[in-house]
Structures are given as C-alpha cells and as structure tokens.
Amino acid sequence: MTREFEICTVVQGENLTTFVQNLEKAQKSAIMVELRADSIREFNMDDLPILKGVVKVPSIFTLRHKKEGGLFTGTPAKQRQILHAAFSSGFTYVDISYHNPVLKELSAKDKRHLILSYHEHQETPELYDLLDTLDEMRLLKPAIIKIATFVDDQEDVLVLGALLKQREEDEKLVVIGMGKKGEITRFTFPTLGSCIAYVTMKGEKNIAPGMLTEADLLKKMESHYKQTSRSK
C-alpha cells in the first residue's frame, strides 16, 4: 500500500504549558502537526513565537473561532491580528475557515500557505451544493482545500466520496466525514486522494468527532487494504 498523503497529528492543550508539552511529545514521532491554538484559553499574540519556537516538523496553525466551530472565544479583531501574524511566523500552513473576512486581506504569498477549510457540523449537504462550494473555494487559490461535514448515514459517505472524485490534477484536497458514521472516510479517503489524514494523540480528548489515533488509523487502513485486495 503506497502512501500519497500526510499523516498530521493534532495537538491541543488547555493552557500554553500543557500545549507545549503535548507538542514536544507529538514531535517524537509525528511527521506533521496541526497546532490547535484555539484550544489554549485566552491565546494571544505573545504566545505565537513560543509555539513557533517549539515546532520542529511541518505544521498547520489553526485558530478557529467558536462561531466557526472551534474553541477561540476572543474578538474577531484579535483573531484577525493573530492569523495575519501566523502567516509571517513561518508555519507551513495556516488554516482559515471559509467566509472568514480575513481571507479578503491575504496576499498571493499568504495564499501559498493557506488551508482554506469548510466545516458543516450538522449534516452533509447535497452533492451539488458541495460542488458549488468547492468551485467557490478554488477561486481563492489556496494551497489546500479542506471540506469536512457531519455524516449521518452511508448516503452521506457516498456524497463525500463523489466530491473527492472531483479533485483536479495536482490539486490538494482534503475531504473528511465527521462523526462516528464518518470514521470510514478517515481511513479510506486518504488512499483515494485526500491529501491529509488528521490523527489525535493517544489519551487526548478528541477535538473532532470520529478522529483516530495514528496507530488505529494505520491498522484500519491495512485491514481495509487487505479486504479490498482479496475481493479483486
């Protein structure tokens, strides 16, 4: 089974000290990390260089506001200030939610490090609506497009699978089904073109429903690969 995707370990912590400890622990084995800075209570500009100073592997900086489905409770102005600073801090990528006004202020250079993300936490929209959203996101020319929706049944999984098949040549696209019933997308979609597989740290509270540890992800991938190989 060849791997054409990155496994990204999600790091979180209720305070800066715990976060840094988790980050150092994760980097002992992780090849990429997502820094969920929004999990840190009252995260501010002064914390940004501290995090960057600890990062040793390719990284994604995320400061998702509570209104966007994240944990950050500061003002939109404060979020805007930190996100702009994150681009100049040297993180590999900065994740920004679709419809966030800060997107209109990004330079072409910023967009080369942008993960443009769309999250629907209540349902999986109809395929034609998701295709319209994907086309609109492409207009912003981000480095990576990420689409994650809540999965309620097998039909939703099929919709997301059809969406992933619309990935253009050389396009970096991440498609994820959230929730327990979307778990299958986390270990099958990366082998079908979804370019990042997000995993949680063992023993940590899951920041996203249905996310697996790296060990569980690889185990399920291997099992699925063997099953599909036997059925051919």
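Just need a number here: residues in the stretch 72-99 that are surrounded by fewer than 19 Cβ atoms within 10 Å (Cβ to Cβ) and of a type outside the set (D, E, K, R).
To start, the set of residues in the stretch 72-99 that are surrounded by fewer than 19 Cβ atoms within 10 Å (Cβ to Cβ) comprises 73-78, 80-81, 84-85, 88-90, 92, 98-99.
Filter once more, keeping what is of a type outside the set (D, E, K, R): 73-77, 81, 84-85, 88-90, 92, 98-99.
Of the residues in the stretch 72-99, 14 are surrounded by fewer than 19 Cβ atoms within 10 Å (Cβ to Cβ) and of a type outside the set (D, E, K, R).
Looking at the stretch 167-181, which of its residues are at pLDDT below 95, part of a loop (DSSP other than H, G, I, E, B) and over 16 Å from the mean Cα position of the chain (by Cα)?
Matches in the stretch 167-181: E169, D170.
Can you pull out the residues in the stretch 48-58 that are more than 18 Å from I207 (Cβ to Cβ) and part of a helix (DSSP H, G or I)?
Correct list: L48, P49, I50, K52, G53, V54.
Can you tell me which residue within the stretch 114-146, out of those that are hydroxyl-bearing (S, T, Y) and surrounded by 13 or more Cβ atoms within 10 Å (Cβ to Cβ), is farthest from F87 (Cα to Cα)? Full working, then the answer.
Taking the stretch 114-146 and keeping what is hydroxyl-bearing (S, T, Y), we get 117-118, 124, 128, 133.
With surrounded by 13 or more Cβ atoms within 10 Å (Cβ to Cβ) added as a condition, the list becomes 117-118, 124, 133.
Details: S117: 16, Y118: 19, T124: 31, T133: 24 Å.
Only one residue fits best here, namely T124.
Got at least one residue in the stretch 145-164 being within 23 Å of K109 (Cα to Cα), of a type in the set (V, I, T) and in contact (Cβ under 8 Å) with a residue 40 or more places away in the chain?
no
Mind checking which residues of the stretch 182-216 are farther than 24 Å from E171 by Cβ and β-branched (V, I, T)?
T200, I207, T213
Yes or no, residue by residue, for (1) at pLDDT 95 or above; (2) outside any strand (DSSP E or B); (3) closer than 12 Å to L51 by Cα:
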residue: M1; (1), (2), (3): no, yes, no
residue: E4; (1), (2), (3): no, yes, no
residue: T9; (1), (2), (3): yes, no, no
residue: T18; (1), (2), (3): yes, yes, yes
residue: Q21; (1), (2), (3): yes, yes, yes
residue: K25; (1), (2), (3): yes, yes, no
residue: D38; (1), (2), (3): yes, yes, no
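From T149, T185, T191, grab the single residue that is surrounded by 19 or more Cβ atoms within 10 Å (Cβ to Cβ), in contact with a helix residue (DSSP H, G or I) (Cβ under 8 Å, 6 or more places away or on another chain) and not in a strand (DSSP E or B).
Working: T149 fails: not in a strand (DSSP E or B); T191 fails: surrounded by 19 or more Cβ atoms within 10 Å (Cβ to Cβ).
On inspection, the qualifying residue turns out to be T185.
Please enumerate the residues belonging to the stretch 194-232 that are farther than 23 Å from P58 by Cβ and either assigned to a helix (DSSP H, G or I) or at pLDDT 90 or above (or both). Let's see the steps before the verdict.
Narrowing the stretch 194-232 to residues farther than 23 Å from P58 by Cβ: 203, 205, 209-210, 219-220, 222-232.
Matches in the stretch 194-232: K219, K220, E222, S223, H224, Y225, K226, Q227, T228, S229, R230, S231.
Looking at the stretch 18-38, is at least one residue touching a helix residue (DSSP H, G or I) at 6+ places or on another chain (Cβ under 8 Å), farther than 27 Å from D216 by Cβ and either of a type outside the set (V, I, T) or surrounded by 22 or more Cβ atoms within 10 Å (Cβ to Cβ) (or both)?
So far as the stretch 18-38 goes, no, none of its residues is touching a helix residue (DSSP H, G or I) at 6+ places or on another chain (Cβ under 8 Å), farther than 27 Å from D216 by Cβ and either of a type outside the set (V, I, T) or surrounded by 22 or more Cβ atoms within 10 Å (Cβ to Cβ) (or both).
Here is a list: K104, K25. Which entry is of a type in the set (K, R) and closer than 23 Å to I145 by Cα? Steps first, answer last, please.
Values: K25 fails: closer than 23 Å to I145 by Cα.
Just a single option satisfies the conditions, and that option is K104.
The values are calculated or read from the model by the stated rules, or taken from the named source; none is laboratory data. Bear in mind that the values here come from a model prediction, so they are computed numbers and not experimental data. All Cβ positions, even for glycine, are placed from backbone atoms using ideal geometry, and neighbour counts span all protein chains on display.
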